[in-house]
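The values are calculated or read from the model by the stated rules, or taken from the named source; none is laboratory data. This one's a predicted model, so the numbers in the text were calculated from it and none came from an experiment. Here the Cβ positions follow ideal geometry from the backbone for every residue, glycine too, while neighbour counts run over all protein chains shown.
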Amino acid sequence: MTSRSVAVLGSTGSIGTQALEVVTRHPGRFTVMALSAGSNVDLVARQAVDHDVPLVAVAGAEVARVRDAMAAYAAVVGRSAPSPDVVVGDEAATVAAECGADVVLNGITGSIGLRPTLAALGAGSVLALANKESLIVGGALVRAAARPGQIVPVDSEHSAIAQSLRGGRAREVRRLVITASGGPFRGRTRAELTDVTPQQALAHPNFAMGRVVTTNSATMVNKGLEVIEAHLLFDIPLDRIDVVVHPQQQIHSMVEFHDGSTIAQLGPPRMLVPIALGLSWPERLEDVDVPSDWSIAQTWEFHPLDDDAFPAVRLARQVGAAGGTFPAVYNAANEVCVDAFHDRRIRFPAIVDTVARVVERHNGRNHDALSVEEVLTADRWARQYAAELIGAGPGDDDSTEAW
C-alpha cells in the first residue's frame, strides 16, 4: 500500500486517539494532513506536534491558545515551535474535512458531523465514517454526494458487514444480522429499568465510550441508529436487517446469504481493526490487534432483542422507513433526552418514550427534497420540542407547533 494522507476529525476522542495510534504503529504508511478537535486544546496540540500536522482545527478555542499550547509542548519534547495553519470556530472541522486528504476519518459524535461529512465527500476524499449520525440524519443527501465505494464504515458492526460481504455478491444477500452487547441492563424488564441511575447506564460491559454513545448502548438507541445506517450503507431493506444480543461481542455482525450460509467477522471487542481498515481499505495492515485466542475454552451466547423493554430499535425501523427528516428528528431528540437523564430530569425509560413522542409529532415536511438546512431545521425543532416535553412532564405535548 502506498502512503496515504489522512485527516482525523475528532482527534481527541476515543476513535481519533486510536486512529493516531494506528498511524504511529505503521510508520511510512500514513501522513497526517489535518486534525480537528472540539475543545481539548492541550491534547490536540500534542498530537499536532507529534505528527507534524500542517492544519489544526479547533471549534472551542482561540488561535493564540492553540499556538501557545503547541509551542509549550514542543519545548517540553525539545522541538522547535511548529507553525501549522490554525482554524477555529464552528466551521473548523468542515475546513479540516475539505483539506484534500486521501482519507478523512470522521470521528465526531453527533449530527454536527454532517457538514464535515459532506465536505469530505465533496473534496473527493475517501470518508472513513465513524460518525454514524451524519449519514443517518443526512440520508439521501449524503448518499447522493458519495461516489460508489467512497464511504468506508468504521463502526465495528458495519465494518464487520463490509468485510463479510466480500464473501458473496450483493444479490446473494438474504439478510444482515447486527450484534448488540445488550448493554448494562440486558435481561431486565421495562419495570426494572425505571429506577436505574446514570452511573449504571455508563457501566458498559465491554467498551469505554463517551457519555452519549454509552447511554445509547444502554437504551439500544445505538442499535436503532445502526439499523438505519446499515440500510443506507448497504442498500438492504430495513425488514432484512436484524438485531441479535451477543453479550461477548466476539462476533461483530454477520451476513446471511440466500443459500443458507452465514459469514461473520470475529475478533476481540475493540475498535482498532475497524479503525485501521477505515484508513487502509481495502487492504489490511499488519499486527493491528491481538487476535482471539482459540486455545481457551469459551462460550458465546445469542439472545433475541426484547422490544418491550428496549423499543428503540422498533422505533428506528419506523423512522428509517419514513425517511426524509425523520431520522434527524429521532437522533436530535435522543441527544436532548440523554442529557436530561444524566441531569436526573427524566427516568431511563422516558428517554425513548420522549423520542417516540417527538417523532409522532413530526410531520416530515420537506421529505422529497432534502437540503442541509432542512435537515438542520428539523434537528433544531426536535431538540426544542424534546426539551419542552421534558419540561412539561408526561402527557403535555401541545406547546410547540408540529414541523
Among the listed residues 120, 128, 101, identify the single one that is in a helix (DSSP H, G or I) and in contact (Cβ under 8 Å) with a residue 60 or more places away in the chain. 120
I'd like to check something: does segment 16-28 contain any residue that is farther than 30 Å from residue 144 by Cβ, polar (S, T, N, Q) and without any contact (Cβ under 8 Å) to a residue 60 or more places away in the chain? yes
Which of the following residues is modelled with pLDDT of 95 or more, part of a helix (DSSP H, G or I), basic (Lys, Arg) and under 22 Å from residue 112 (Cα atoms): 383, 317? 383
Checking residue 52 against (1) outside any helix (DSSP H, G or I); (2) in contact (Cβ under 8 Å) with a residue 24 or more places away in the chain; (3) in contact with a helix residue (DSSP H, G or I) (Cβ under 8 Å, 6 or more places away or on another chain), the condition it does not meet: (3)
For segment 96-132, which positions are within 17 Å of residue 272 (Cα to Cα) and of a type in the set (S, T, N, Q)? 106, 131
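Listed here are the residues, each with its yes/no results for (1) of a type in the set (A, V, I, L, M); (2) surrounded by 18 or more Cβ atoms within 10 Å (Cβ to Cβ).
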{"site": "6", "(1), (2)": "yes, yes"}
{"site": "10", "(1), (2)": "no, yes"}
{"site": "19", "(1), (2)": "yes, yes"}
{"site": "37", "(1), (2)": "yes, yes"}
{"site": "44", "(1), (2)": "yes, yes"}
{"site": "56", "(1), (2)": "yes, yes"}
{"site": "79", "(1), (2)": "no, no"}
{"site": "108", "(1), (2)": "yes, yes"}
Looking at segment 139-172, which of its residues are touching a residue at least 40 places away in the same chain (Cβ under 8 Å), assigned to a helix (DSSP H, G or I) and farther than 15 Å from residue 227 by Cα? 140, 141, 142, 143, 163, 164, 165, 167, 170, 172
Which of the strands (runs of 3 or more DSSP E) contained wholly in segment 173-259 include at least 3 residues that are touching a Phe, Trp or Tyr at 6+ places or on another chain (Cβ under 7 Å), basic (Lys, Arg) and exposed (fewer than 15 other Cβ atoms within 10 Å of the Cβ)? none
Extreme residue, farthest from the chain's Cα centre (by Cα), among residues of segment 163-222 that are more than 23 Å from residue 241 (Cβ to Cβ) and of a type in the set (Gly, Ala, Ser): 191
